[in-house]
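> Mind looking over this structure? Questions follow.
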Amino acid sequence: MYSTPPVRPADGSSADTPRTAGEARDVVTRLLAAEFDELSEEILSNVVVADALLVTSEIVTNALRHGGGLTGFSARITEGGLRLVVDDADPRHPVRQEPPPGSVGEGGYGWSLVHRLTRQLSVTPHEGGKRIVAVVSLV
């Protein structure tokens with residue numbers, strides 16, 4: 001099993017915490033490369049890997065846009081799949097919404113996608129924010 005070290009800075013300013021969804025995807029890509037020995041174009045085009053990277057992007061983007069900022073991030077491979085832990089500064093639970101008809105491309109799909117693509121998903125509020133734990137199957 002491979003993992004990234006958990007990052008739980010008190011003020012969210014640690015250099016180890018990804019600053020963007022792209023940086024978080026890079027962390028997950030390196031983790032998956034270590035798990036699969038390397039990530040060839042064939043493996044990268046695999047739907048499972050694409051799902052893992054999409055869930056990473058959505059959860060981190062939501063923390064940055066709606067959660068008051070990313071305050072912690074970790075990723076590791078478990079027997080159940082890729083386990084992502086994302087902390088942000090807002091204790092409110094993400095809202096699952098359906099975009100209105102005709103609003104294609106205007107957002108609102110992320111949290112619903114996370115629900116569809118994860119095998120386990122939890123949101124735990126705590127003093128100073130919340131923690132989202134998502135497990136994406138890698139089989």
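The values are calculated or read from the model by the stated rules, or taken from the named source; none is laboratory data. Just so you know, these numbers come straight off a predicted model, no measurement behind them. Cβ: placed from backbone, ideal geometry, glycine included. Neighbour counts: every protein chain shown. Accessible surface areas use protein heavy atoms only, side chains included; no ligands, DNA or RNA. Shrake-Rupley method; radii C 1.70, N 1.55, O 1.52, S 1.80 Å.
> Heads up, I need the accessible area for H126: 1.4 angstrom probe, whole protein in place, Å², nearest 10.
My reading of the accessible area for H126 is about 80 Å².
> With θ taken as phi - 60° and the coefficients 6.51, -1.76 and 1.60, list the Karplus ³J(HN,Hα) couplings across region 119-136 in order, rounded to whole Hz; mark glycine and proline as x.
Working through the residues one at a time gives 8, 9, 8, 9, 10, 10, x, 8, 4, x, x, 8, 10, 10, 10, 10, 10, 10 Hz.
> If you don't mind, another one. Check which residues have an amide H placed less than 5 Å from G67's amide H, if you skip close sequence neighbours.
none
> With r as the distance between the Cβ atoms of V139 and L113 and R0 = 25 Å, compute the FRET efficiency 1/(1 + (r/R0)^6) and round to 0.05.
Efficiency computed from Cβ-Cβ geometry: 0.80.
> Apply the Karplus parameterisation 6.51 cos²θ - 1.76 cosθ + 1.60, with θ equal to phi minus 60°, to every residue of region 23-28 and state each ³J(HN,Hα) to the nearest whole Hz, in sequence, with x for glycine and proline.
5, 5, 4, 4, 4, 5
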